[in-house]
Every structure is written in structure tokens, then in C-alpha cells.
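Shown next, in C-alpha cells, is the structure this report addresses.
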């Protein structure tokens, strides 16, 4: 925590009616650590792998006889469990069940707060608190903090319990929204994945399992080089520097977006006129990763949705333009499909980075239906992708709100 943060005793944003300064308190002053308890004969055991993010995703039934020795923290409603090993993962949990038969591992520090539990929990999830914990950790591969050191870390606490409760309730609502949007996002991604498995032919087949009405013809096998308009091109080697010019930069991260490349997702950069002319980016262009740290990251494809700016793309990316009888959104999904992706992975070359060449892309093949069927599949995919993007942005908005609150 920097000196300015230490000096501040009031937050920038507050609920109406609260003006008092906040107090600097050690965790050991606002919570009882690892309270003693007698374990029930049978209980639900929560290990370190049982909490993901802030959610309790699993537990298993154990008895006093069968349970591992680390099963010692008997939970009570509103207890906070803080992961003391690799705390940067922030897999911490606020126990909000009325049950009295949940026992957590000693891999968690158990806190029984004397202040609002939700406020305390939100304070522990802040990045500046995580940094304070990591500064006191020992070990490199598995950094860990002991309970005594954890209890000495200070947080800022409102003196008024009503203010604590209001802040705690706000974060509880944000957490619910974050979880809701994440679940909707995951569900939509999984539905799309399941549909695409049936909408593209399996290995050795020339027809998919499900089709839109009116289409019965077999799909035709074609080399990717046959569907291109011109040759695949690489991006610019020099990394552009920031400037206020209206030039957008497409990088590898943009290709891993769940749906499509949208102008508002790209950063502004400076590029020369020659760079812009070389890249010659247009709507419907398909971009693929040329190099990756992992083989499965090779030739990850995405398509540019709109053309409301001037663009460049970097040298880790290849760009392909397809002929007018091919639908870009269909081609993008075909390139990412396992039948084509498997060919890319086999042809890739491994060194410091895994790479793939233009000829390796051009000589690979896929199965193509008529343009009309491609277009219908592509439009279906596009609508799914818009929904996926909507859920992702709502989720990110909630996360940003929680971080900045």
C-alpha cells in the first residue's frame, strides 16, 4: 500500500449521511482467527480445491475417523475463509449457510468477524490487500502466509456499523450479478459449442448431423488456398507506439475474444502510412495467430466485424481474405473446428514459440457447403456471438464496478 493510500482516511465515494473518517485496524482486531470447535461425527469437508473464485463448488462427506488431519475449521454462518497458500488466486469464501456441519481445511485461515462480514470479505478481495499478503508470504512456487502475519495486516474500517452493512450489501449484490452473468456466458458458450459439433461434418463425413431446412447436398472438400482471395499476409514487425491518431491495432489477444473483433475492443496506436497500406484491413477479414506459446494456440481465428476505423495488425498474426462465394463467419468457425485445427497443429513447428507458415494454412483442407448454407450458418453463429459478447461485457462491467467501488 503506497503512502498516499495510507494517509487517506475517507473513501472517494460514500453513501449519503456518512462523513466520519475510517479507522486503520489490524485483522486480528476485527476478527477471531481459527476459533476452537468440536467437530461433529459426520460432516461436509471443504478442501482447497473446493472453492473457485468466491464460490463453494464442491464438498465431500467425511467422518472424524476418515477425514484428513487438516479438516479442523468448523464453519459458522458469516465466517470468512481465506486461502493462505497462493493467495493471489483469491479463492476465498464467505460461508453464508445456516448449516453447522461444514468443516474447512487448515489451508484456510478462518475468521469470525466482529464487524460486518460482507464488508470484511470485500476488503480481503481488494488488490492492495492481496499485495500486502504477498509481501509477507514465504516460498516461491507455493507462496504462503501464516496466520500470525495475516492477522497483523491492516485494513480501513468505517466506524459506523450501518455504513459497513450498506457497503457489504452492495458488494453482495455485485457478486450475485457477476455470478449470474458468468453463468449465462458459460451456458451460451456451451450451447454454441454443442451446436457447432453437430453443424459441421465429423471426420470422414461429408454432411453434418443437423442442418437448416432445404439443404441436403453433400459438403465439398477444398484446400484453404482455393477459397482465398489473394495470398495470406503477415502483419507489421515493428510494434506501433501509442498516439492520438485514429489507427487501431489488432493483436493476438483480440483473436481470443469469444466472438468477433469489434472496433471498440481495439486500442489506438500510431502507425506510418506505409504500415496502414501494407495491412490493408477491411471488414470480413479473417485473422489467425502465426505464433503461440502453446501448440493449441496456433492459427486461432477471428473475423473483423466492422470497418469504422483504420487498422494495422502485428507480426504474430496472419490475415486471409476469402472470395465472395465464402461467408467469413462460417470460415472463421471452420478454421477453429477440431477437424481443421488438428491439421494446423500437426503442421506447426516447435521451438521457443510454436509457429505455422502460410503454406501450412493454404495446404490444409475443410468441407464447404453452398454459399447460401454457409451464410445461414454464419448468421446463426453471429447471433450467438453477439449474445456471448453481451454476457461477457455485462460480466466485465460488474467486475470493474466491484474493483473501483
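All of 339, 289, 352 fail the test of being in the same structural domain as residue 250 (by TED's automatic domain parsing) and either within 19 Å of residue 261 (Cα to Cα) or in contact with a helix residue (DSSP H, G or I) (Cβ under 6 Å, 6 or more places away or on another chain) (or both), apart from 289. Inside segment 14-41, residues that are exposed (fewer than 15 other Cβ atoms within 10 Å of the Cβ) and either modelled with pLDDT under 85 or over 16 Å from residue 132 (Cβ atoms) (or both) make up a count of 14. Could you check segment 137-149 and list, in sequence order, the residues that are buried (at least 16 other Cβ atoms within 10 Å of the Cβ) and part of a loop (DSSP other than H, G, I, E, B)? Within segment 137-149, 137, 143, 145 qualify.
Has segment 172-188 got any residue that is in a loop (DSSP other than H, G, I, E, B), surrounded by 11 or more Cβ atoms within 10 Å (Cβ to Cβ) and either in the same structural domain as residue 292 (by TED's automatic domain parsing) or in contact with a strand residue (DSSP E or B) (Cβ under 8 Å, 6 or more places away or on another chain) (or both)? No; the residues of segment 172-188 include none that is in a loop (DSSP other than H, G, I, E, B), surrounded by 11 or more Cβ atoms within 10 Å (Cβ to Cβ) and either in the same structural domain as residue 292 (by TED's automatic domain parsing) or in contact with a strand residue (DSSP E or B) (Cβ under 8 Å, 6 or more places away or on another chain) (or both). Residues considered: 334, 305. Of these, the only one that is under 18 Å from residue 221 (Cα atoms) and touching a residue at least 40 places away in the same chain (Cβ under 8 Å) is 334. Within segment 106-117, the only residue that satisfies the criterion of being crowded, with 22+ Cβ neighbours inside 10 Å and either closer than 16 Å to residue 22 by Cβ or not assigned by TED's automatic domain parsing to the domain that holds residue 83 (or both) is 116. Going by what's in this entry, would residue 75 be described as buried (at least 19 other Cβ atoms within 10 Å of the Cβ), outside the structural domain of residue 177 (by TED's automatic domain parsing) and either over 26 Å from residue 177 (Cβ atoms) or without any contact (Cβ under 8 Å) to a residue 12 or more places away in the chain (or both)? No, not satisfied.
The values are calculated or read from the model by the stated rules, or taken from the named source; none is laboratory data. This one's a predicted model, so the numbers in the text were calculated from it and none came from an experiment. Counting neighbours? That spans all protein chains shown, and the Cβs are built from the backbone with ideal geometry, glycine included.
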